[in-house]
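Read-outs: derived from the displayed coordinates by stated rules, not from any lab. Given the structure is predicted, the values throughout are model-derived calculations rather than measurements. Backbone-built Cβ (ideal geometry, glycine too); neighbour counts: all protein chains shown.
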Amino acid sequence: MQFRDPEEPVGTHVFVAHNAVDTQFRWTKVGMIGHMDDANTVPDADVVNRIILPHDFQQRLTPLLVSGTAMMVTDAPILEHTTGQTMAVMTSHPGI
C-alpha cells in the first residue's frame, strides 16, 4: 500500500466491509480510542482517496473479502521494538 501525498499524515483507521453488491462492499469506520465517535460512520473520503493498492494485490484480495472483513490503514512506522508483537484490533473477548 502507498499513500498519495505521503508527507501529509493519514493516521490510523479501521474499516469494516458490509453487504457486498457485485463484489463492491459498503465500508464503515470502527471507533478507536480517541475516535469513538467515528463508530459506524462512512470512511473519510480524503483518507480513502489517498490509499493506493497495487492492481495485482487488489485482484488477489477482492475474492477473499466477506462481510465483516476488517481493514486497518495506518501510516505509523514499523519499529523494531513493535515488530513481532501481537496486537488485537478488535476482539469478541474484551477482557483478553
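Residues of the range 65-82 with an amide N closer than 20 Å to a point placed 7 Å from the Cα of ILE33 along the Cα-to-Cβ direction: 71-82. Panel order for PHE3, PHE15, PHE57, by other beta carbons found within 10 Å of each beta carbon, from fewest to most: PHE57, PHE3, PHE15. Local charge for PRO63 was computed over the other residues whose Cβ lies under 14 Å away, with Lys and Arg +1 and Asp and Glu -1, and equals -1.
Taking the Cα centre of the range 2-72 as reference, the dipole from Cβ charges on Lys and Arg (+1) and Asp and Glu (-1) amounts to some 280 debye.
The alpha-carbon atoms of the range 2-72, seen along their principal axes, cover 32, 27, 16 angstrom, with the largest extent given first.
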